[in-house]
Amino acid sequence: MNLFRLGGDLLHVFSIFVLTLKIKTSKNVAGISLRTQQLYLLVFCTRYLDLLFTNPFRSGLTMYNTVFKILFIASSAYIVYLMRKKYKQTYSVKDDTFRVEFLIVPACLAGTLFHYRNTFFEIVWAFSIYMESVAIIPQLYLLQKTGEVENLTSHYIACLGGYRALYLLNWVWRFFTEPRYRHWIEWIAGTIQTALYADFFYYYFLNKTKGQKLKLP
Amino acid sequence: NQQQHGHDEL
C-alpha cells in the first residue's frame, strides 16, 4: 500500500459519492450514461468474483480490499437502480446510444486471448480489466452529444480521471519499490483508460478556469 | 501461483 494507491481508491469512492449526490440533489439523471454505469456494475461483478472464496480476515489488506469491493458493487448497483427505476423519466434515453457491444465483444476477446493464467477466474478477471479501461466511452459520447453538463456530473468524470492518474503513479511507485512487479495487463489497460480522459480534462479545466459549466465545442 | 499475480489492487 502506498499513498498513490490509497488516494486513488479514496478518489474512486468520492467520485461515486459525487455522482450519487448529483442524482439526489437534482432529482434527475440527465447527462449520466446508464450504459457506462451498467458496464461498471459488470466490471465490478466480474473482477470481484474472488469475494466468494477469499477470507476477508486473512490480512489487513484483504479486509481493506473486501470492504472496497463490496462498496463498489453495492454503490454501482444502487446508481443503476436509481437510473432505471426511481428517476427513469429524467434519463437521457435519446442521447445515451453508444453501442456497448463494440466494447464488450473486444473486451471478451482480449480477456480470452491475453491473461496471466489459463483459469476461468483469471480470464474473467482479465476481461474486467479490459472492460473497465473503455467503460467510460458511452459517458464521454453522451457528453459530446449533449455538449453541456451539470457541474457535479463533470466533477464526477474529473474525479474518475484523477483516480486513474493516481493508479498510474501507484504502478510507477511499485515498479521501483517492489521486486518482480510486472503487471503488464494492468499497465496497458490502465494507460489506455487514463488517456481517454485527456480530451475531457482539457475542456474541464478550460471551463473551470472561466468558472463556467462544462461546455464542449 | 496466486501470490505472483495476487490481484491485490482494486
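Values quoted throughout were computed directly from the atomic coordinates according to the rules given, and no laboratory measurement underlies them. As the structure is a prediction and not an experimental result, all values here were calculated from the model. Cβ coordinates were reconstructed from backbone atoms using ideal geometry, including for glycine residues, and neighbour counts include every protein chain displayed.
How far, in nm, would the chain grow between A:Phe205 and A:Trp184 when pulled straight, counting 0.36 nm per residue and subtracting the alpha carbon separation? Write down the numbers at each step before the final one.
Details: separation 21, 0.36 × 21 = 7.56 nm, distance 3.08 nm.
Working it through step by step, the gained length comes to 4.5 nm.
Per DSSP H run of n ≥ 4, the term is -39500 (n - 2.57); total these for the protein assembly as shown, divide by its residue number, and report the mean residue ellipticity at 222 nm rounded to 500 deg cm²/dmol. Can you show the working numbers first?
Numbers: 9 runs with 149 residues, N = 227.
Calculated from helices alone, the mean residue ellipticity at 222 nm is -22000 deg cm²/dmol.
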### Area projected by the alpha carbon convex hull of the protein assembly as shown, averaged over all directions, nm²
12.9 nm²
### Tilt relative to chain A, helix A:137-146 - C-alpha long axis, 0 to 90 degrees, to 10
10 degrees
### Message
Quick check: the distance between the Cα centres of segment A:84-131 and segment A:150-186, to the nearest angstrom?
### Response
20 Å
### Task
Using the charge dipole of segment A:71-185 (Lys, Arg: +1 at Cβ; Asp, Glu: -1 at Cβ; taken about the Cα centre), state which of A:Pro106, A:Gln144, A:Phe121 has its Cα farthest towards the positive end.
A:Phe121
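For A:Gly147, what is the net charge nearby, where nearby means another residue's Cβ is under 12 Å from its Cβ and Lys, Arg count +1, Asp, Glu -1? All intermediate terms of the calculation are to be shown ahead of the outcome.
Numbers: positive: A:Lys145, A:Lys213, A:Lys215; negative: A:Asp95, A:Glu148.
Within the 12 Å Cβ shell, the charges total +1.
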### In order through segment A:41-51: 3J(HN,Hα) via Karplus (6.51 cos²θ - 1.76 cosθ + 1.60), integer Hz, x for Gly, Pro
4, 4, 4, 5, 5, 7, 5, 9, 4, 5, 4
### Query
If you build a Gaussian network model of chain A, linking Cα atoms that sit under 10 Å apart, which residue out of A:Gly162, A:Gly147, A:Gly111 swings the most?
A:Gly147
### Task
Can you tell me the dipole magnitude for segment A:141-200 around its Cα centre, using point charges on the Cβ only (Lys, Arg +1; Asp, Glu -1), in Debye to the nearest 20?
300 debye
### Task
Select from A:Asn118, A:Asn170, A:Asn151 the residue whose mean-square fluctuation is largest in a Gaussian network model of chain A (Cα-Cα springs shorter than 10 Å).
A:Asn118
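Using the Kirkwood radius over C-alpha pairs as Rh, can you work out the diffusion coefficient of segment A:1-71 via Stokes-Einstein at 25 °C, viscosity 0.890 mPa s, in µm² per second? Before the final figure, lay out the partial values.
On the way: Rh = 14.0 Å.
Translational diffusion coefficient: 175 µm²/s.
Can you pull a Stokes-Einstein diffusion coefficient for segment A:1-121 at 10 °C (1.306 mPa s), Rh from Kirkwood over Cα pairs, as a whole number of µm²/s? Working shown, then result.
Working: Rh = 16.4 Å.
Result for D is 97 µm²/s.
How big is the equivalent ellipsoid of segment A:118-158 along its three axes, where each semi-axis is √(5λ) from the Cα gyration tensor, reported in whole Å from largest to smallest? Write down the numbers at each step before the final one.
Working: eigenvalues 196, 21, 5 Å².
Rounded to whole Å, the semi-axes are 31, 10, 5.
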### Query
Which ³J(HN,Hα) values in Hz, rounded to whole numbers, follow from the phi angles of segment A:4-9 under the Karplus curve 6.51 cos²θ - 1.76 cosθ + 1.60, where θ = phi - 60° and Gly and Pro get x?
5, 5, 4, x, x, 5
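Want the number for A:Tyr64 to A:Asn118: 0.36 nm per residue separation, take away the alpha-carbon distance, what's left? Can you show the working numbers first?
Details: separation 54, 0.36 × 54 = 19.44 nm, distance 2.74 nm.
Taking A:Tyr64 through A:Asn118 to full extension adds about 16.7 nm, to one decimal.
Using a simple charge model, +1 on the beta-carbon of Lys and Arg, -1 on the beta-carbon of Asp and Glu, nothing else, what dipole does chain A show about its Cα centre, in debye to the nearest 20?
Working: 24 positive and 12 negative charges, 110 e Å.
So the magnitude is around 520 debye.
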### Task
Using amide H atoms built 1.01 Å from N in the peptide plane, name the residues 5+ places from A:Leu214, or on other chains, whose amide H lies under 5 Å from its own.
A:Val149
